[in-house]
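Each value in this text was obtained by applying a stated rule to the coordinates, not by laboratory testing. These numbers were taken from a predicted model, which means no experiment stands behind them. Backbone-built Cβ (ideal geometry, glycine too); neighbour counts: all protein chains shown.
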Amino acid sequence: MSNKKYIKRGVISSLSNVAFHNKAKSPLKRIFMLSEPDIKEHGVRIVVHQIKKLPKKVKEYCELHVHQYDEINLILSESGKLVYSIQLGDEVFKVVSPAAIYIPAGLKHSANVISGKGLFVADIFTNKYKAYK
């Protein structure tokens, strides 16, 4: 039996297909890395958002939402700062790379890029994504 099935190539997909992420055109490239259809026995979903060049005025694209599983976000940048607006419940934080954000199940949240270049990695602890307002 080959272990090749455990290696998956990322697939570029539109963020506008994700619930509560289609308010405005997103200024990033979304790379879907891993989900339930890929490897049945895992319980995680990994998506990478690549930010290369932002318009002068960045519109919010992620609405406040909630889901019933934990999530960890990583904000990473090699050249300069990557800055995000992170809302957790009623609080809004300006988060500068490098940073990690833990979002427990049931906590309303949103994440919108403000400035910079880099990667925003979403590690979601389920293999089936479903969000609610």
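Think of each Lys and Arg Cβ as +1 and each Asp and Glu Cβ as -1; about the Cα centre, that makes the dipole of the chain roughly 700 debye.
Using all Cα-Cα distances in the chain, what percent lands in each 5 angstrom bin from 0 up to the longest? Distribution as computed: 2, 10, 19, 25, 21, 13, 6, 3, 1, 0, 0 percent.
Peptides 6-17, 95-106, 71-82, ordered by how many other C-beta atoms sit within 10 Å of their residues on average, highest first, read 71-82, 95-106, 6-17. Along the charge dipole of region 9-124, pointing to its positive end and built from +1/-1 on Cβ of Lys, Arg, Asp and Glu, which listed residue (VAL92, GLY116, LEU74) has its Cα farthest out? Toward the positive end, the furthest listed residue is GLY116. Less than 14 Å Cβ to Cβ from LYS52, Lys/Arg counted +1 and Asp/Glu -1: what total charge do the surrounding residues give? So the environment of LYS52 carries a net charge of +3.
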